[in-house]
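Reading through the structure tokens given below for one structure.
The values are calculated or read from the model by the stated rules, or taken from the named source; none is laboratory data. Every value quoted in this text rests on a predicted model; they were computed, and no experiment measured them. With ideal geometry, Cβ positions are generated from the backbone for all residues, glycine too; neighbour counts draw on all protein chains shown.
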């Protein structure tokens, strides 16, 4: 399905022009645009949490059609400033919303995401909706089937309104490609939003959708969440199964939203066993809908030191370390400690190059002009690897798992920065140095994320404050293997104690 025209889209917006205001329901503070635009009912719907919005729809206090129209109106107004949603299916979304309302009238069970607008990362297949992967090779590709994560989201009742931007093939933590261009940070349009789930993070921050899916290998759920003041959870490998049949624990799919509670709700819909995924985990995903409230007195938190001496901008260190007192105020026992990441700087890139080679090498042979330099770099590096190189990388991966398991016998959580830098210029492909230290590759500046990837543990990015220039900074909370629930609980407690997420961007 191709995007609708601006004229046709504009005709759908009448549903959003509804007078009145919603009563206070625990929504976030009004976004920045309320200072210059009088908020209307449509604006207020867009700024509600996913939990509150789903509850209103379930109680029939608002219709799925009105909710969708409100979000389409927000997209129409805000998306041209940030370029987050790159394929819009407004007519289909409104038709699906009408069917959702009819289903509610008929009665019977409704999915936990019933009526919520959602946009999918442009890496995942969506039946009947263009999926480009940010590449000219797939500019006009329209899949005939949904990816597993999309199937689960739709089965839970969410309604697809479009696709979110991503770097070419999701490679890199800066969202730009030759098909759609760059996605801009909503707190400063001259800066990057991060990546590779950058379009998803920006769509959330701007209230264009209440939930959005993403994926993460080297930080793609966590980095854009940190840069855009939203929440991104990298689940344990297999918690959210994919239909790729991959045995690698490096790449995962996961949820993004504006709050930890919304992420937990979303996770409950997409987690769970599936035979197509060799790493798929069992367990009742409904547990993620329980209350996140709990006490943390005496809980042991390991506070990062230097992550093996990698460079971090002073302002990032200052902001992240300033939050140590928050964990202490929750009753946590905090001490400086971190796993031994020696050798990960060689092992992770080797396994990444090897995994990417089958996907990229054939395309390079077809039309190298359509492939960006960093993808060419991936192929070149993979072809230099020997069997011994890959064997050593796999051995280090196994060792890292055991070291992490032992580390979490002593500590309940590990806390560190999400990123080593603040959002940088949108026209810069990636930082070439940090605090005077040169970066050797396009992923080198994201070690604070992909070191954690190598631990194979769940990790969440939560808003942690702002730089002097008003740019968001995230904090990363890592938990024990397969223990997303505990990670969500402490992330929720931190979020409630700080409320950094309530500072909304322009709209």
Considering residues that are touching a residue at least 60 places away in the same chain (Cβ under 8 Å) and crowded, with 20+ Cβ neighbours inside 10 Å, the number found within the range 232-250 is 10
Scanning the range 251-272 residue by residue, the ones that are under 12 Å from the mean Cα position of the chain (by Cα) and either free of Cβ contacts under 8 Å to residues at least 60 places away in the same chain or farther than 30 Å from residue 502 by Cβ (or both) total 4
When the range 273-307 is checked residue by residue, the ones that are surrounded by fewer than 18 Cβ atoms within 10 Å (Cβ to Cβ) and either touching a residue at least 60 places away in the same chain (Cβ under 8 Å) or not in a loop (DSSP other than H, G, I, E, B) (or both) are 274, 276, 286, 287, 289, 293, 294, 300
Exactly one of 479, 465 is closer than 13 Å to residue 226 by Cα and in contact with a helix residue (DSSP H, G or I) (Cβ under 9 Å, 6 or more places away or on another chain), and that one is 465
By residue number, the members of the range 329-360 that are surrounded by fewer than 16 Cβ atoms within 10 Å (Cβ to Cβ) and over 30 Å from residue 305 (Cβ atoms) are 358, 359
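Does the range 270-288 contain any residue that is in contact with a strand residue (DSSP E or B) (Cβ under 7 Å, 6 or more places away or on another chain) and at pLDDT 95 or above? If you could, list the steps in order and put the result at the bottom.
Step one: of the range 270-288, the residues in contact with a strand residue (DSSP E or B) (Cβ under 7 Å, 6 or more places away or on another chain) are 270.
If we keep only those that are at pLDDT 95 or above too, we end up with 270.
Yes, the range 270-288 contains at least one residue that is in contact with a strand residue (DSSP E or B) (Cβ under 7 Å, 6 or more places away or on another chain) and at pLDDT 95 or above.
Among the candidates 415, 326, single out the residue that is assigned by TED's automatic domain parsing to the domain that holds residue 480, assigned to a helix (DSSP H, G or I) and surrounded by 14 or more Cβ atoms within 10 Å (Cβ to Cβ).
Working: 415 fails: assigned to a helix (DSSP H, G or I).
326 is the lone residue from the list that is assigned by TED's automatic domain parsing to the domain that holds residue 480, assigned to a helix (DSSP H, G or I) and surrounded by 14 or more Cβ atoms within 10 Å (Cβ to Cβ).
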Practice prompt. Evaluate the range 479-499: report whether one residue or more is buried (at least 17 other Cβ atoms within 10 Å of the Cβ), outside the structural domain of residue 324 (by TED's automatic domain parsing) and assigned to a loop (DSSP other than H, G, I, E, B).
Written response: no
Expected single match for at pLDDT below 50 and over 20 Å from residue 199 (Cβ atoms) among 7, 41, 59 is 7
Within the range 118-132, the residues that are assigned to a strand (DSSP E or B) and farther than 21 Å from residue 206 by Cα are 126, 129
By residue number, the members of the range 72-99 that are farther than 19 Å from residue 262 by Cβ and not in a helix (DSSP H, G or I) are 83, 86, 87, 88, 89
Taking the conditions exactly as written (surrounded by fewer than 24 Cβ atoms within 10 Å (Cβ to Cβ), touching a residue at least 40 places away in the same chain (Cβ under 8 Å), part of a helix (DSSP H, G or I) and in the same structural domain as residue 251 (by TED's automatic domain parsing)), does residue 102 satisfy them or not? no
